[in-house]
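K.L.:
Here's a structure for you.
Please treat every number below as a calculation from the coordinates, not as lab data. Predicted model only: the values in this text are computed from it and were never measured. Here the Cβ is made from the backbone with ideal geometry for all residues, glycine too, and neighbour counts use every protein chain on show.
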Amino acid sequence: MSNNLFRKANAAAAQYIEEAILSADSIGIVGHIRPDGDDVGACLGMKGYIGIIKPSAKVTVYLQDFSKDFAFLRGAGEVVHDFSAETRHDLCFMLDCADMERMGEAGKYYEKAGKRICIDHHATNDGVFDSYEIINPERSSSCEVICTLIDMDRLDRETAECLYLGIVHDTGVFKHSNTSMETMIYAGKLIDLGASPSKIIDNTFYKKTFEQIRALGTALTKAKRLLDGKLIYSFFTNEMMKQANVSSMDLDGVIDQLRVTEGTEVALFIYEMPAGGSFKVSLRSNGPVDVSIIAKEFGGGGHVKAAGCEINGTPEDIALILAEKVKEQL
């Protein structure tokens, strides 16, 4: 692959980022709350790339706890999960995050930084706090956006693994509609650099513990349909998680199983937040419904086919409310 072919449209951004990195001694990297594969991959991939082009820089990644399945990525064990320290960085990256609020408590490191760069692919990102912004909703993932901004020929295997993992997770292993020809070319380049598809896909996407399998079974037995079967939903409460000995991070596969139910246009998975009272809602669309519009109305965001938000109420009431929003687009 000719990397220059894909860097032309982002040449100015690529130069700005490289110069910003080279001029900084202390660099922070912040993702979003409840980090997923793309967020973790983007943050650790950027950390790896900075280490290649400026080894002397002190780089700190700030993220909430994430799935233990990502622990094999280089730098995962060095991620800071405690945001109590008052640190001001010369430069801070905000990755895979559509707004300031989504950074949670770690947002203070971004706000205080001398220079700020936002790299994202969410269509709901309208621009953030006084930042240099590279927002490209046409890309499958933030990891793919990063691939358009760096010299991929300089990547080592460990950095390639981080970026490949992010692309895999945000494309649903290349089956979602956000997968393009260029997505596959970038993924192929990362494989050529040493990323192992079997290790990354099997171990972080398909492999489940016995408890996770049982939790999936429980969620599927709770599934209900609305709108003459065009909408399917299920839910998990904190009490159900306690009984199944799982956390919300163990429920990632539920929404994908719901989505592939025959006749489904939109799938919802609703699970209770740890503090109780409110529920996180994952939305997936198989057809014309833009779930990012619905999620944004409730303070969330995401993509046309995959989005999320947080709503107060009971799972049944939430499903009925969202069903009305889905109905408006059908």
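K.L.:
Shape call for region 3-205 from the C-alpha gyration tensor, a ≥ b ≥ c root eigenvalues: rounded (a/c under 1.5), prolate (a/b greater than b/c) or oblate?
P.N.:
The shape class here is rounded.
K.L.:
Apply the a/c threshold of 1.5 to the C-alpha gyration tensor of region 40-94 and tell me whether it is rounded, prolate or oblate.
P.N.:
Oblate shape, in that a/c is at least 1.5 and b/c is the bigger or equal ratio.
K.L.:
Just to be sure I understand: of the beta bridges DSSP finds with both ends in the chain, what percent are antiparallel, rounded to 5?
P.N.:
45
K.L.:
If you don't mind, there's one more thing I want to ask. Rank by packing, highest mean first: peptides 137-143, 13-19, 249-255, with packing defined as the count of other Cβ atoms within 10 Å averaged across residues.
P.N.:
Descending mean neighbour count gives 137-143, 249-255, 13-19.
K.L.:
For a quick protection proxy, order the peptides 292-299, 41-48 by their average other-Cβ count within 10 Å, most packed first.
P.N.:
Top of the packing list down: 41-48, 292-299.
K.L.:
By its C-alpha gyration tensor, with a ≥ b ≥ c as the square roots of the eigenvalues, how is region 191-330 shaped: rounded for a/c under 1.5, else prolate for a/b larger than b/c, else oblate?
P.N.:
oblate
K.L.:
Residue separation times 0.36 nm, minus the C-alpha to C-alpha distance between GLU86 and ASN286: what's the value?
P.N.:
Going from the current span to full extension adds 67.6 nm.
K.L.:
Additional query: Using r as the Cβ-Cβ distance of GLU328 and ASP126, and R0 as 30 Å, what FRET efficiency do you calculate, to the nearest 0.05?
P.N.:
Once the sixth-power term is evaluated, E becomes 0.85.
K.L.:
Could you work out how much longer the chain between ILE185 and ASP156 gets when fully extended? Use 0.36 nm per residue separation minus the Cα distance between them, nm to one decimal. Intermediate results must be reported in sequence, preceding the final value.
P.N.:
Numbers: separation 29, 0.36 × 29 = 10.44 nm, distance 1.75 nm.
Here the segment from ILE185 to ASP156 would lengthen by 8.7 nm.
K.L.:
How large is the helix-only mean residue ellipticity at 222 nm for the chain, computed as the sum of -39500 (n - 2.57) over DSSP H runs with n ≥ 4, divided by its residue count, in deg cm²/dmol to the nearest 500?
P.N.:
The helix contribution divided over the chain gives -11000 deg cm²/dmol.
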